[in-house]
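Values in this text are rule-based calculations from the coordinates and carry no lab data. Quantities reported herein were computed from a predicted structural model and do not represent experimental measurements. For neighbour counting, all protein chains shown are included, and Cβ atoms are generated from backbone atoms with ideal geometry for every residue, glycine included.
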Amino acid sequence: MRAASLRRISVLGIVLAAGAQAAACGKSTAIGEVDTLVVLTANDSLWNSLEDTTRATLERKVYTVRPEQTFFLEQVDTAAAKVRQYLLFHQVIVFGTPDNRYVRQIADAVGAQARPDTILQAQDVWAHDQVATAVVLRRGQERASWTAQLARLDSLVDTEYRRFVHQRMYVSGEDTATERKFGEQYGFGLTFPRVYRVDTLTDSLIVIRNDNPDPADLIRSVTVTWGRKLDSLTAEAAFQWRDAIDSVYYHVPQGIDSTHSEVRRLAVHGRAALEATGAWHDEDTGYPAGGPFIDRLVQCPDRTYFLDAWVYAPGKSKYQYVLQVREILDSFTCGAGG
């Protein structure tokens, strides 16, 4: 059975449980996975003609260790009896003209008019911890209005998902004490959740790692080290640095696959940097462990810093965990003396 089919079965189970919860408690807390997008439509023929285009935009793929969907759509006709249960999900998107009852409810929640060719978003319309989005269609031009707004809708959905990932990531709070220590002792800044464990392996190599609740199920790791200032930042230099570290300091040496590597130059808080991505796999073991990694080289005044972030999440969607370690990487600053 395909993974998408298994996901739909799981969603149906959540819906059945949610119906009882909502009936018993009034407005309930949103349910389901946050990467599930419930799409409500009042016109099945319109949906049938635009489903492929909509899925291609909102279910776009990112490469982790293979092409992976970022979101999963569950479409429901607003006339269906089960629509009330689907209104309880974290992300609900309604495509409809201004007179659509669900579009009006979202508009009322933000005190706005539902004008054609606009997108409205409201919090907690039908459930707590929920974002409801209305894509307001122009009557008589529904198809063109729908497609014209897909790119903006995709951006809004991804922004909301990143907000959720940030909130979930920092439930434990920031480890501000260790962040101050990094600045005072090592000359760099890095922001990360308190739940991460810090291992100082040498006087110039630090690993922060979150393997809760079980390292067999999920690991997020970021290594920070530094050395003399490089003349130029290249992917080859980043991969060589990684190879020198993982063979000595990681629990199991990791090989890398750069076949689908993406390399980009960027600025990290005003400092020149280079990022290279790829996939890692354990070496010298019969267990096929692996996952995505992100390497960065950052030029600071007197040093070049190397940061290696990797994720191990077997059988899970890896997008949110890649976003988490990328957020840690984005927080890096050279700091005093760096």
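P(r) of the range 176-330 in 10 Å steps, Cα pairs, percent per bin?
For the range 176-330, the pair-distance distribution reads 10, 43, 38, 9, 0.
Report, for the chain, the % of DSSP beta bridges that are antiparallel, rounded to 5.
Here the share of antiparallel DSSP bridges comes out near 75 percent.
Starting from the coordinates of the alpha-carbon atoms of the range 3-169, obtain the Kirkwood hydrodynamic radius over all distinct pairs and give the value in Å to one decimal.
16.2 Å
Which of ALA134, ALA109, ALA276 moves the most in a Gaussian network model of the chain with Cα springs under 10 Å?
ALA109
Using the crude model of +1 on Lys and Arg Cβ and -1 on Asp and Glu Cβ, and no other charge, please compute the dipole size for the chain relative to its Cα centre, in debye to 20.
Value, rounded to 20: 940 debye.
Per 10 Å bin, what percent of the C-alpha pairs of the range 86-136 does each bin hold, from zero upward?
So the P(r) values, bin by bin, are 32, 58, 10.
With the Cα gyration tensor of the range 52-102 in hand, give its eigenvalues times 5 under a square root as the equivalent ellipsoid semi-axes, listed largest first in whole angstrom.
The answer is 27, 13, 9 Å, longest axis first.
Quick check for me: using +1 on Lys/Arg Cβ and -1 on Asp/Glu Cβ, what's the dipole size of the range 176-330 about its Cα centre, in debye to the nearest 20?
Value, rounded to 20: 580 debye.
Any idea what diffusion coefficient the chain gets from Stokes-Einstein, in µm²/s, Kirkwood Rh on alpha carbon pairs, 20 °C, 1.002 mPa s?
After rounding, the answer is 97 µm²/s.
Kirkwood Rh over alpha-carbon pairs of the range 76-232, then Stokes-Einstein at 25 °C and 0.890 mPa s: what D in µm² s⁻¹, rounded to an integer?
The Stokes-Einstein estimate is 127 µm²/s.
Nearest 20 debye, what's the magnitude of the dipole of the range 63-220 about its Cα centre given +1 on Lys and Arg Cβ and -1 on Asp and Glu Cβ?
520 debye
How big is the range 168-212 by the Kirkwood estimate over distinct Cα pairs, in Å?
Result for the range 168-212 stands at 11.0 Å.
Rounded to whole Å and sorted largest first, list the principal axis extents of the Cα atoms in the range 244-338.
44, 29, 23
What ³J(HN,Hα) values, in whole Hz, does the Karplus curve 6.51 cos²θ - 1.76 cosθ + 1.60 give for the range 85-97 when θ = phi - 60°, with x put for Gly and Pro?
Result, rounded to whole Hz: 5, 5, 5, 8, 6, 4, 10, 10, 10, 10, 9, x, 6.
Over the Cα atoms of the range 214-272, how large are the radius of gyration and the largest Cα-Cα distance (Dmax), in Å?
Over the range 214-272's Cα set, Rg and Dmax evaluate to 13.9, 41 Å.
Among HIS166, THR191, GLY315, flag the residue with its Cα farthest along the positive direction of the charge dipole of the chain, charges on Cβ as +1 for Lys/Arg and -1 for Asp/Glu.
After comparing all options, I get HIS166.
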